[in-house]
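Here is the structure we will look at.
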Amino acid sequence: MSSTIASILEETRIFEPQQNQHANIGSLDEYHTLRRCFSDDFDATWRDLAREHLDWRAPFTRVLNRERAPFFSWFEDGKLNLSENCLDRHIAAGSGDRTAIIWESEAGEVRRISYVELLADVCRAANAMRELGIESGDRVVIYMPMIPEAAIAMLACTRIGAIHSVVFGAFSANALRERIEDAEAKLVITADGGGRRGGVHALKPKVDDALSGGCHCIQHVLVVRHAGNEVGKTAGRDIDWHDALKVQPDSCEALTVDSEHPLFILYTSGSTGKPKGILHSTAGYLLWARLTMQWVFDFQPETDVFWCTADVGWITGHTYSVYGPLACGGTTLMYEGVPTYPDPGRLWKICAEHGVTVFYTAPTAIRALIKAGDEWPNQHDLSNLRVLGTVGEPINPEAWMWYHNVIGKGRCPIVDTWWQTETGGHMIAPLPFATSTTPGSATLPLPGIDAAIVDEQGKLVTDSGGLLVIRQPWPSMLRGIWNDDARYVDTYWKKFNNTFYFAGDGARCDDNGFFWIMGRVDDVLNVSGHRLGTMEIESALVSHDSVAEAAVVGRPDDIKGEAICAFVVLKAAWNEALVDALRAHVAKEIGAIAKPDDIRFADSLPKTRSGKIMRRLLRDIAAGRDITSDISTLEDQSVIEKLQRSGQG
Ligand code: 7RM
């Protein structure tokens, strides 16, 4: 058990919610009433919410179809367009001049884009894509820095029914190629580069590299000029985004699609080597993005300035940097740069300058900023903040208390939100003016979400830890894994006979019914809130010429939550240069975020007699802990001592 989890379990402080008459959900009674609506009539409650919160081109006739469980469909026969719900709808309601996106670059440049301007750009981009032959259902890969064009490209896809797949800019050319090929994308939208730590992070060269090694499905590459770095141009394939858009009309008829029309694919790590293409569909995802904005962030589109620091390459960036705020007609802030540039006060300076009211970030960022010292936030006026959120990993009570006192000055509720790429939006989280909070607990399942903790047999557990499951479908649930129905069933449903969704997390429920998330129970690591598969990193390592075998585990890290520790068996003799070479190799195969923090060399890996790598044992060794696992099945007992020594010096 990590030190974070240990301190969480001893936590007893409780913070009562403040009174707020203007809150969207202003009391625990209201929360329970809404929950009761779902337990009284699940379908009718979802039906009413979907009718009220989305703009439909044609009404749906059926709320939830369970006939093909665990493949579910929601709001069948309903027709709508997502970009119309996020843009045209607010303009028609008179909010066209409201700022949709505030963007700030690392160098301090600021752009403010109104709903009217955003719609015009989305339409031009949609028209340009249509001219390039992109049709409804085609896949478009977006590989961009955090600039408004990333959001414009996403919305433009939805305008014409194309399915986007955003690939995080820090992923390598090889990782990009793998995703393009799996999705069989026709188009890549990228930029020359992005601003990072005062320099330029070049993206287009990585696209060139990815495409040179395959990706025959790609017909065109649209390139946004942004960072000003020199990039090559392949005639006939590469097209300048600005040139393509400026000749297009600023209106574009939105394609009417079915509720279940695929909206996007987002690759995420699982417990096998190959990333999974998580598939989301239109209406259900959009409904939940909007509702959770209103419930969990108490979002008030007329007055709030919402800032989610996540990159659009992650689900958090999809739902809470782009779709959630825009579905509500509010203002979202995008920052292109690192949180500590030019100094550790940067995030707080942005909050002060743009009057951010709701701020959402990851515990890892909070921990890094605590280390920098209180003088940084204290230099800035944070009085506009009213709700604070965290996501991505368990938050340790020390970080929670600092966030509460130093950033929120004791007056902002903290919403610790548990959810996943697969869930599309928040699942377990406090409502800021209704739920009492306690450091380290994500508190209660949202209305409509039937979360529970069960044992390996699927039996409810009450007073101890167990596996987190969701017992009823919800509208923003994943619809499958792209091109891999069997893996969808195997990963999420098989464990409990196709009746419960298995999240892959361990959790515990306390006497108040509050949920405490304990972390992954599978071979998925959470490094700085980024999800990485151990096998993914292992396959990257063994693809290096010198490596015979590798095992990767996590070990606790004060800042990152988890650090990556690799145990490597070499084919040939060891030499000093290998550590750097292997780290660089992993960066090339996956991306810098997957570089092992520790590499330990060994003669062999600890295995059971049936040949399974004993990961729990490796985790103890990586953390420098006493060995807690049963080693009686270990084939060769002498490897333990050698492995322990491998970390010294
Ligand atoms: C949104 C996101 C999902 C995994 C999930 C958990 C962990 C996320 C919390 C959390 C404790 C939280 N999507 N996780 N939120 N653990 N408390 N509030 O992160 O697909 O990238 O990762 O992240 O293990 O299964 S994700």
| field | Potential extension, THR340-ASP603 segment - 0.36 nm per residue separation minus Cα distance | value | 90.6 nm
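Classify the chain from the C-alpha gyration tensor, please: rounded if a/c falls under 1.5, else prolate or oblate depending on whether a/b exceeds b/c. List each step's numbers first, then the result.
On the way: a/c = 1.41, a/b = 1.17, b/c = 1.21.
The shape class here is rounded.
Just to verify a number: FRET efficiency for TRP574 and ARG616, C-beta to C-beta distance, R0 = 35 Å, to 0.05? Please list the in-between numbers first.
Details: r = 26 Å, r/R0 = 0.75.
Efficiency, from the Cβ-Cβ distance: 0.85.
Can you tell me what share of the DSSP beta bridges in the chain is antiparallel? A percent to the nearest 5 is fine.
60 percent
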| remark: Low-density loop GluC sites (Glu not before Pro), region 535-634, at most 10 other Cβ within 10 Å, DSSP non-H/G/I/E/B, are GLU576
| field | Charge dipole (debye, nearest 20) of the chain; +1 at Cβ of Lys and Arg, -1 at Cβ of Asp and Glu | value | 540 debye
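Distance check, please: which entries in LYS459/LYS612; LYS276/LYS612; LYS206/LYS588; LYS204/LYS560; LYS186/LYS274; LYS206/LYS233 exceed 18 angstrom between their Cα atoms?
Details: LYS459/LYS612 28 Å; LYS276/LYS612 23 Å; LYS206/LYS588 10 Å; LYS204/LYS560 29 Å; LYS186/LYS274 21 Å; LYS206/LYS233 13 Å.
The pairs that break the limit, which is 18 Å between Cα atoms, are LYS459/LYS612; LYS276/LYS612; LYS204/LYS560; LYS186/LYS274.
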| Share of region 139-293's accessible area from carbon and sulfur, percent, 1.4 Å? | 49 percent
| request: Please list, or write none, the aspartates and glutamates whose alpha carbon is within less than 15 Å of the alpha carbon of LYS246, excluding same-chain residues fewer than 8 places away. | output: GLU117, ASP121, GLU131, GLU149
| said: Suppose the chain between THR462 and ARG68 were pulled fully straight at 0.36 nm per residue; how much longer would it get relative to their current alpha carbon spacing? | reply: 138.7 nm
| field | the chain: relative contact order as a whole-number percent, Cα under 8 Å and 6+ apart | value | 13 percent
| query | Summing Lys, Arg as +1 and Asp, Glu as -1, what charge do residues with Cβ under 10 Å from the Cβ of SER83 carry, SER83 excluded? | reply | 0
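Mind checking region 29-77 for trypsin sites (Lys or Arg not before Pro) that DSSP puts in a loop (not H, G, I, E or B) and that have at most 11 other Cβ atoms within 10 Å? Please list the in-between numbers first.
Values: sites: ARG35, ARG36, ARG47, ARG51, ARG57, ARG62, ARG66, ARG68; in loops: ARG57, ARG66, ARG68.
Counting only loop positions with at most 11 other Cβ atoms within 10 Å, the trypsin sites (Lys or Arg not before Pro) in region 29-77 are ARG66, ARG68.
Shape call for region 422-539 from the C-alpha gyration tensor, a ≥ b ≥ c root eigenvalues: rounded (a/c under 1.5), prolate (a/b greater than b/c) or oblate? Write down the numbers at each step before the final one.
On the way: a/c = 1.55, a/b = 1.40, b/c = 1.11.
Prolate shape, in that a/c is at least 1.5 and a/b is the bigger ratio.
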| Cysteines in the chain lacking a second Cys C-beta under 4.7 Å | CYS37, CYS86, CYS157, CYS215, CYS217, CYS308, CYS328, CYS351, CYS412, CYS509, CYS565
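For region 331-489, what proportion of DSSP beta bridges, expressed in % and rounded to the nearest 5, is antiparallel?
Details: 7 of 15 bridges.
If we restrict to bridges inside region 331-489, about 45 percent are antiparallel.
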| note | Once the dipole of the chain is set up from charges on Cβ (+1 Lys and Arg, -1 Asp and Glu), the residue from the list ILE163, ASN405, PHE60 lying farthest towards its positive end is ILE163
| Got a sec? Charge dipole of the chain, +1 on Cβ for Lys and Arg, -1 for Asp and Glu; which of VAL305, ILE627, VAL224 is way out at the positive end? | ILE627
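What GluC sites (Glu not before Pro) in region 149-204 are in a loop by DSSP, with at most 16 other Cβ atoms within 10 Å of the Cβ?
On the way: sites: GLU149, GLU178, GLU181, GLU184; in loops: GLU184.
Hits after loop and neighbour filter: GLU184.
State in Å² the accessible area per residue of region 248-300; use a 1.4 Å probe, count heavy atoms of protein chains only, and round to the nearest integer. Numbers along the way, then the final one.
On the way: 1220 Å² over 53 residues.
Per-residue accessible area for region 248-300 comes out at 23 Å².
Local charge sum around TRP402 (other residues, Cβ-Cβ under 11 Å, Lys/Arg +1, Asp/Glu -1)?
Values: positive: ARG367, LYS371; negative: ASP374, GLU398.
Local net charge: 0.
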| What length, rounded to one decimal in nm, is gained on full extension from GLN644 through to HIS216, with 0.36 nm per residue of separation minus their alpha-carbon distance? | 149.4 nm
| Label point distance in nm, SER543-ASP243, each placed 7 Å from Cα along Cα→Cβ | 3.3 nm
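Report the relative contact order of region 308-454, percent, no decimals, based on alpha-carbon pairs under 8 angstrom and at least 6 residues apart. Provide the component values of the computation, followed by the final result.
Values: 222 pairs, mean separation 25.9, N = 147.
Here the relative contact order equals 18 percent.
Can you classify region 153-200 as rounded, prolate or oblate using the Cα gyration tensor, where a ≥ b ≥ c are the square roots of its eigenvalues, rounded means a/c under 1.5, and otherwise it's prolate if a/b beats b/c and oblate if not?
On the way: a/c = 3.03, a/b = 1.42, b/c = 2.14.
Here region 153-200 falls in the oblate category.
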| remark: Interchain or sequence-distant (5+) residues whose placed amide H lies within less than 5 Å of the amide H of VAL338 are ARG197
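The values are calculated or read from the model by the stated rules, or taken from the named source; none is laboratory data. Everything numeric here is computed off the predicted structure, so don't read it as measured data. Reconstructed Cβ throughout: ideal geometry from the backbone, glycine too, with neighbour counts over all protein chains shown. Ligands, DNA and RNA are excluded from the accessible area calculation, which covers all protein heavy atoms including side chains. Shrake-Rupley method; radii C 1.70, N 1.55, O 1.52, S 1.80 Å.
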